[in-house]
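A.B. asks: Next up is a structure, given as structure tokens.
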Amino acid sequence: MATTILAIDDSTEVLLSIGATLEPYYDVRIATSGTEGLALAKDLTPDLIILDIMLPDIDGYQTCAQIKANPETSDIPIIFLTSMDDSTDKIKGLELGGRDYITKPFSKGELLARINTQLEIRTLTKQIMKANHDLRRKQALLENDLRAAAEIQKSFLPHEAPESTTIDVAWQFQPCDAVGGDIVNIFRIDENHYAFYILDVSGHGVPAAMVTASVQQQLQPNIGMILKKSTDSAPHYEITSPAKVLANLDQNFPLERFDRYFTISYFLLNIVSGQVLYSSAGHPPPLLLQNSGELLPLKEGGTIIGMGGVLPFEEGKIQLEPGDILFLYTDGLPEYRNSEGEFFSDKRFQAVIREQTGATAKEAAEAVVKAVTSEFGAGNPPQDDITLLAVRYLGNSGSEAEP
């Protein structure tokens, strides 16, 4: 489609000169008054308008103002054509929406150069506007996908705390994006054992969440990763040790395959004896808050998942007493920053944990996250996912299982 230029001027000589200069390159239309020019601008929506200031009915300034006031013609570039050389008049025209000025008498070369420049600018502007529109549309689709992914990710979290007379469980989960790379879970393996874990996949958004979902599927309490078939006497299965679970994950999630690594702490609790086996892979050390008030970091484990077994995973063993609380968390809590950029820090985090002696799991989990994000951070948005699991051991009442 030919580029259309509308020339509005009451001088026949000027219009003939414009036509002779531009018609080899453009479709040129003319108007001899502001009123006629407004009508043609609306009907033609030209690609550019050359507008004289001195017109017989309404002047060029009024014509320009009305063109810019009409949404259908407001983006058409206007070049003023005038015999005046007063900078005040030029400023007025530019303030009304004019893009450029040509002073009479003009050369053909100058006219073509200024027109070509404005047309190129308009073409680029249209391209940018289209790209922006496409970007907004894609962003809307992405946000819809992220919301859907966030709902799916929430389904991976425990739906409710286990109904148990031996443990009291609570958790907090706040992704910094619509979806994140953290997950936490607790499940019963058999009548005597619970397993629970917390993991943090590197990065954020959908890629990290997809890895999280895959890991969560592999850590389901069924024959495979968690249980191993046994031909010996009943119950004909063996519970996989935490160190072996991490070794299996390290084999199944190589860094070069997923371009993501993750850290994890995995625990196996015997609710009858209170004995806990655990191992961590590059994860912040879980904390054991004993009922006496002493706080013990649990440091046994190895490197991150994804390194291909470069080092074995060490396994720790602890004995829980009634009232002891285990805290599993991701680094989004001690590394949370307030609006001044100050880190909450491990020191503050452990101090807040110590204050939870005697609290229920729910009270402790809520108090810790509140101390970090509300009291220290004053609601500053988290820079990383925030996840915390609190498991309080109540002791074996004999109502759930027999030794």
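The values are calculated or read from the model by the stated rules, or taken from the named source; none is laboratory data. It should be emphasised that the depicted structure is a prediction, and the values quoted were computed from it without experimental measurement. Backbone-built Cβ (ideal geometry, glycine too); neighbour counts: all protein chains shown.
A.B. asks: Given the criterion at positive phi and modelled with pLDDT of 95 or more, identify the matching residue among 309, 323, 316.
C.D. replies: 323
A.B. asks: Starting from the range 81-99, keep only residues that are of a type in the set (A, V, I, L, M, F, W, C) and crowded, with 18+ Cβ neighbours inside 10 Å, then list their pairs with residues that are outside any helix (DSSP H, G or I) and modelled with pLDDT under 85 whose Cβ atoms are within a distance under 8 Å, requiring at least 6 positions of separation or different chains.
C.D. replies: From the range 81-99, the pairs are 81/104.
A.B. asks: Kindly indicate whether any position in the range 385-398 is among the β-branched types (Val, Ile, Thr), buried (at least 20 other Cβ atoms within 10 Å of the Cβ), modelled with pLDDT under 95 and in contact with a strand residue (DSSP E or B) (Cβ under 6 Å, 6 or more places away or on another chain).
C.D. replies: Within the range 385-398, one or more residues are among the β-branched types (Val, Ile, Thr), buried (at least 20 other Cβ atoms within 10 Å of the Cβ), modelled with pLDDT under 95 and in contact with a strand residue (DSSP E or B) (Cβ under 6 Å, 6 or more places away or on another chain).
A.B. asks: Right, something else. Return yes when residue 256 is without any contact (Cβ under 8 Å) to a residue 40 or more places away in the chain, in the same structural domain as residue 208 (by TED's automatic domain parsing), surrounded by fewer than 19 Cβ atoms within 10 Å (Cβ to Cβ) and within 25 Å of residue 396 (Cβ to Cβ) and no when it is not.
C.D. replies: No, not satisfied.
A.B. asks: Tell me yes or no: at least one residue of the range 299-306 is surrounded by 14 or more Cβ atoms within 10 Å (Cβ to Cβ), modelled with pLDDT of 95 or more, assigned by TED's automatic domain parsing to the domain that holds residue 325 and not small (Gly, Ala, Ser).
C.D. replies: Yes, there is a match, as at least one residue in the range 299-306 is surrounded by 14 or more Cβ atoms within 10 Å (Cβ to Cβ), modelled with pLDDT of 95 or more, assigned by TED's automatic domain parsing to the domain that holds residue 325 and not small (Gly, Ala, Ser).
A.B. asks: Another question, then. Which one of these does residue 2 not meet: (1) part of a loop (DSSP other than H, G, I, E, B); (2) crowded, with 20+ Cβ neighbours inside 10 Å?
C.D. replies: Tallying (1) part of a loop (DSSP other than H, G, I, E, B); (2) crowded, with 20+ Cβ neighbours inside 10 Å, residue 2 fails exactly one: (2).
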